[in-house]
Amino acid sequence: MTAAKLPPMLRQMLVSGGLLAVFGMAGALLLAASHAVTAPQIAANVQATLERQLHAVLPADRYSNAITEDTLRITDSEWLDALGTRDPVTVYRARRDGQPTAAVFDITTPQGYSGDIRLLIATDLSGTITGVRAVSHRETPGLGDKIDLAKTDWILAFNGRSLGNPPAEDWEVKRDGGVFDQFSGATITPRAVVRQVARVLGFFEAHQRQLFEGGMGAAPNAADSNGTASS
């Protein structure tokens, strides 16, 4: 049966179906073309944001390597337990002339009042903090969100601190007998951040060599010295 002899309703359905197929293919081609054009710019924007965040906690003059490419990813459960987190941790390793100078931990603490708080914590080889930033959180506006530098400068109190400054036992908010301020009406959030920073410092002190060497000396399932996962 030719198309001309088809019932009008069936002929209309075939025409409509054909048009939908043509528009669908055209839309898919346009989407693919748009992705090909925008993907490199999106990737460049993501990279630029990451570099700005890292420079905020570790000045660029502290290293000469491509820090965003010299990473170690920790997934081993024992190491994550020691760090007080359940999520994989990325460590950005800073070097100058091939020698380690500092490390930046991209780590999430689940102990926030409203859930996870993602932090960047940078320490030099002596275990002295060069910077801490809260890069994402859902803490209560006007209370727990004071960990955000855009809200207050509370987070800057970690600069220059180490496990000896103050002593390890004083790494708590004042309500818990420590030296760090809490927020009026909000203690859980700053407590979570202070304790997480202290855990990172203790971990770095205990595992500094493995963190920079990776490979055989690193924890199971951590990345090797080239940033690839080991089994």
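The values are calculated or read from the model by the stated rules, or taken from the named source; none is laboratory data. Note that the structure is a prediction, hence the values are computed from the model and not measured. Because the Cβ atoms are built from the backbone with ideal geometry, glycine has one as well, and the counts that use them run over all protein chains shown. Side chains are part of the model used for accessible areas, which takes the heavy atoms of the whole protein and leaves out ligands, DNA and RNA. Shrake-Rupley method; radii C 1.70, N 1.55, O 1.52, S 1.80 Å.
Would you point out which residue out of Ala186, Ala103, Ala168, Ala94 is open to solvent by 40 Å² or more (accessible area, probe 1.4 Å) and either among the aliphatic types (A, V, I, L, M) or under 15 Å from Ala56 (Cα atoms) (or both)?
None of the other options fit; the residue is Ala168.
Which residue pairs have Cβ atoms under 6 Å apart, sit 6 or more places apart or on different chains, and have a first residue in the range 176-194 that is more than 17 Å from Gly131 (Cα to Cα) and a second that is open to solvent by 10 Å² or more (accessible area, probe 1.4 Å) and of a type in the set (Lys, Arg)?
Hits for this filter: Gln182/Arg175; Phe183/Lys146; Thr187/Arg175.
Checking Val91 against (1) touching a helix residue (DSSP H, G or I) at 6+ places or on another chain (Cβ under 9 Å); (2) of a type in the set (Val, Ile, Thr); (3) at pLDDT below 95; (4) not in a loop (DSSP other than H, G, I, E, B), which single condition isn't satisfied?
(3)
Yes/no per residue for (1) over 21 Å from the mean Cα position of the chain (by Cα); (2) modelled with pLDDT of 95 or more; (3) surrounded by fewer than 21 Cβ atoms within 10 Å (Cβ to Cβ):
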{"site": "Gly178", "(1), (2), (3)": "yes, yes, yes"}
{"site": "Val193", "(1), (2), (3)": "no, yes, no"}
{"site": "Val200", "(1), (2), (3)": "no, yes, no"}
{"site": "Glu213", "(1), (2), (3)": "yes, no, yes"}
{"site": "Met216", "(1), (2), (3)": "yes, no, yes"}
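Which condition number in (1) open to solvent by less than 40 Å² (accessible area, probe 1.4 Å); (2) in contact (Cβ under 8 Å) with a residue 40 or more places away in the chain; (3) assigned to a loop (DSSP other than H, G, I, E, B) is the one that Trp79 fails?
(3)
How many residues are among the basic types (Lys, Arg), touching a Ser or Thr at 6+ places or on another chain (Cβ under 9 Å) and at pLDDT 95 or above if we restrict to the range 110-145?
Total meeting the criteria: 1.
For a quick check of your reading of the model, give me the residue pairs whose first member lies in the range 109-138 and is under 16 Å from Arg191 (Cβ atoms) and open to solvent by 20 Å² or more (accessible area, probe 1.4 Å), whose second is of a type in the set (Phe, Trp, Tyr) and part of a strand (DSSP E or B), with beta-carbon atoms closer than 6 Å and at least 6 apart or on different chains.
none
Would you please list the contacts, defined by Cβ atoms under 9 Å and residues six or more apart or on different chains, that run from a residue in the range 196-225 that is of a type in the set (Ser, Thr, Tyr) to a residue that is in a helix (DSSP H, G or I) and at pLDDT 90 or above?
If the second residue must be in a helix (DSSP H, G or I) and at pLDDT 90 or above, the pairs left are Ser225/Phe212.
Please go through the range 60-76 and give me each residue that is among the acidic types (Asp, Glu) and open to solvent by 40 Å² or more (accessible area, probe 1.4 Å), ordered by number.
Passing the criteria: Asp61, Glu69.
For Ala223, which of the numbered conditions (1) open to solvent by less than 30 Å² (accessible area, probe 1.4 Å); (2) modelled with pLDDT of 90 or more; (3) of a type in the set (A, V, I, L, M) fails to hold?
(2)
Which of (1) out of contact with any Leu (no Cβ under 8 Å at 6 or more places or on another chain); (2) assigned to a helix (DSSP H, G or I); (3) surrounded by fewer than 19 Cβ atoms within 10 Å (Cβ to Cβ) is the odd one out, the single condition Thr152 does not satisfy?
With (1) out of contact with any Leu (no Cβ under 8 Å at 6 or more places or on another chain); (2) assigned to a helix (DSSP H, G or I); (3) surrounded by fewer than 19 Cβ atoms within 10 Å (Cβ to Cβ) applied to Thr152, the lone miss is (2).
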